[in-house]
Amino acid sequence: MIKTKPASLLAVAAVIAGLALAQTSANFGGPNDPGAQSANRGTGVTIINPANDPNGFTAFFQDGLDRFQEIETVSNSANVGLGPRFNSNQCSSCHAQPAIGGSGVAVNPQFRFVQNGVAPSNTMPSFITANGPTREARFPFFFNSNGGVNTSAPNGGVEDLFTVTGRPDAGTCNLAQPNFAEAEAANNVIFRIPTPVFGAGLIENLDDSTLLKNQAANLQNNFGIAGTFNRNGNDGTITRFGWKAQNKSLHIFAGEAYNVEMGISNELFPQDRPLPEEDQLGTGLPANCMNLGGIGYPEDTSNPNLTPNAAVLDDVSAFANFMRFLAPPPTGGVVLNGVPVSAQSISTGKSVFSSIGCATCHNPSPGTTQVSDFVPALSNAPVPAFSDLEIHNMGTGLADNVSQGSAGGDQFRTAPLWGLGQRIFLLHDGRTTNLVNAIQAHASHGSEATNVVQNFFNLSPNLHQDVLNFLRSL
């Protein structure tokens, strides 16, 4: 990862010292993260009430769910278009914890791709491990011709992990993987993990006026927090999806992922995607690695001759509908060391979470949705996402030196915390599975959250534990 300067603020040093004490306390039975909860909370169902679905979108949700789980191939099957480079071959392989639409599972499916024939002639990158997070990789900067990092040439594009080389359905296409070993040695690689999409339709249906009003209220704080919004380059409106809130809508979010993560051209991104180096500094893809499916472009299109109605849509539209109609993840009870946590502890933790400043960014709700033309369930609804959907300066400790839209290298969208109770890998790069470590990482030089993190570590052990219990109830 990119090396960063050590934090110099006394407050940051105090937070780090507090973390050491907290970890020592945890080793002797003190406050600790209850961990990802395994009980079935009913996550992954649709927000649509079938008895109140005047436009018939229940069938579209089910169709999108089915397509979200389809395995894509390069050619000679019903689901062609994979590659020539990709990170996975199935949406649900990255979005499955604790249900389809979530984040990465405990056993990383990417780790098996070389052995199981998905990417047979590839080398497994060292940062993809059997029990580590499902990841994508990016190089913050381009390399010079001599192999050095050119910090004057920002990159930031996705460097797909695998190629179709060696697959029997890939013809003569022969591509090299990016040089991940070189990038790691030069500290020029960062990672992203999948974002859960539960409740995404509610987030999409918040109008800008509501978000701006919420932002004005958030600015009235004593914690040094001052967020802003990422915005669409075409119409200037607020964007809200992705780790840096770089995507405007679920349609764009799905189309980009289909093209970038699986290499499938579609109606929103209609060309095969070269690597950033090939696209900006080279010649693009070789001819024998284009149109591998043999069906022309885009590889994902609408299907006007099919029935029923949902089948007429292209995959990207189906994916967008699936995400749009996923219900928010329900809250649930928490088990710590085999013992159920009391409702009083969770309630106290929620109050303390707000009083120490966490809720200044992780708002219990940024507002109520506008009227939906899709389904009544999306209309005039609260959005209990525990996020303001703003981007914030998160300091050198979390900075990845990648800019997207107006979000700079150390800015990230406030990650929605709904569903956190059953999430395994935490932060944008999956660097930890422990809530205490994730909270501590919010404090570093330049981070808006440093004062709040210090407040957290200044809590008594009991209140410290109450906050952790509350977070795992979400």
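A few notes on this one:
- For the stretch 311-351, fraction of C-alpha pairs farther apart than 14 Å, in %: 66
- Inter-label distance, nm, simple model (7 Å from Cα along the C-beta direction), GLN220/GLN280: 4.3
- Packing, taken as the mean count of other beta carbons within 10 Å per residue, orders the peptides 431-442, 107-118 from highest to lowest as 431-442, 107-118.
- Extension gain, ILE71 back to ASN380 (0.36 nm per residue minus Cα-Cα distance, nm): 107.6 nm
- Of all accessible heavy-atom area on the stretch 59-155, the percent that carbon and sulfur account for (1.4 Å): 51
- Once the Cα-Cα distance is subtracted from the 0.36 nm per residue extended length, the ALA287 to ALA78 segment shows a gain of 72.9 nm.
- Expressed as a whole percent, the accessible area of the stretch 310-378 that falls on carbon and sulfur atoms is 59 (1.4 Å probe).
- Once both labels are positioned 7 Å from their Cα atoms along Cα-to-Cβ, the gap between SER209 and ALA106 label points is 4.8 nm.
- Calculated FRET efficiency for the pair ASN179/SER355, C-beta based, R₀ 41 Å, to 0.05: 0.25
- The value given for the chain is a Kirkwood hydrodynamic radius of 23.2 Å, derived from the mean inverse Cα-Cα separation.
- Kirkwood hydrodynamic radius (C-alpha pairs) into Stokes-Einstein, the stretch 203-355, 25 °C and 0.890 mPa s, D in µm²/s: 124
- Sorting the segments 315-323, 61-69, 366-374 by their residues' average number of neighbouring beta-carbon atoms within 10 angstrom, most packed first, yields 315-323, 61-69, 366-374.
- Surface/4 estimate of mean projected area, convex hull on alpha-carbon atoms of the stretch 217-268, nm²: 4.8
- Column: log10 I(q)/I(0), Debye, Cα scatterers of the stretch 405-457, q = 0.27 Å⁻¹: -1.26
- Unit Cα scatterers, Debye sum, the stretch 92-233: log10 I(q)/I(0) for q = 0.13 Å⁻¹: -0.84
- 15 Å Cα-Cα reach of LYS213 towards aspartates and glutamates, excluding residues that sit fewer than 8 places from it in its own chain: ASP388, GLU390
- Dimensionless Rg over Rh [the stretch 345-474; C-alpha; Kirkwood]: 1.00
- Cβ-based net charge around LYS213, under 14 Å, with every Lys or Arg adding one and every Asp or Glu removing one: -4
- Within the chain, CYS91, CYS94, CYS358, CYS361 have no other Cys Cβ under 4.7 Å of their Cβ and so lack a disulfide-compatible partner by this rule.
- Partners of LYS350 within straight-line reach, counting aspartates and glutamates whose Cα lies under 12 Å from its Cα and excluding those fewer than 8 residues away in the same chain: ASP466.
- Normalised per residue, the accessible area of the chain is 40 Å², obtained with a 1.4 Å probe and no contribution from ligands, DNA or RNA.
The values are calculated or read from the model by the stated rules, or taken from the named source; none is laboratory data. Values in this document were obtained by computation on a predicted structure and should not be read as measured data. We place every Cβ from the backbone using ideal geometry, glycine too, and count neighbours over all the protein chains shown. The protein model used for the area step is the full one, side chains on, heavy atoms only, and it has no ligands, DNA or RNA in it. Shrake-Rupley method; radii C 1.70, N 1.55, O 1.52, S 1.80 Å.
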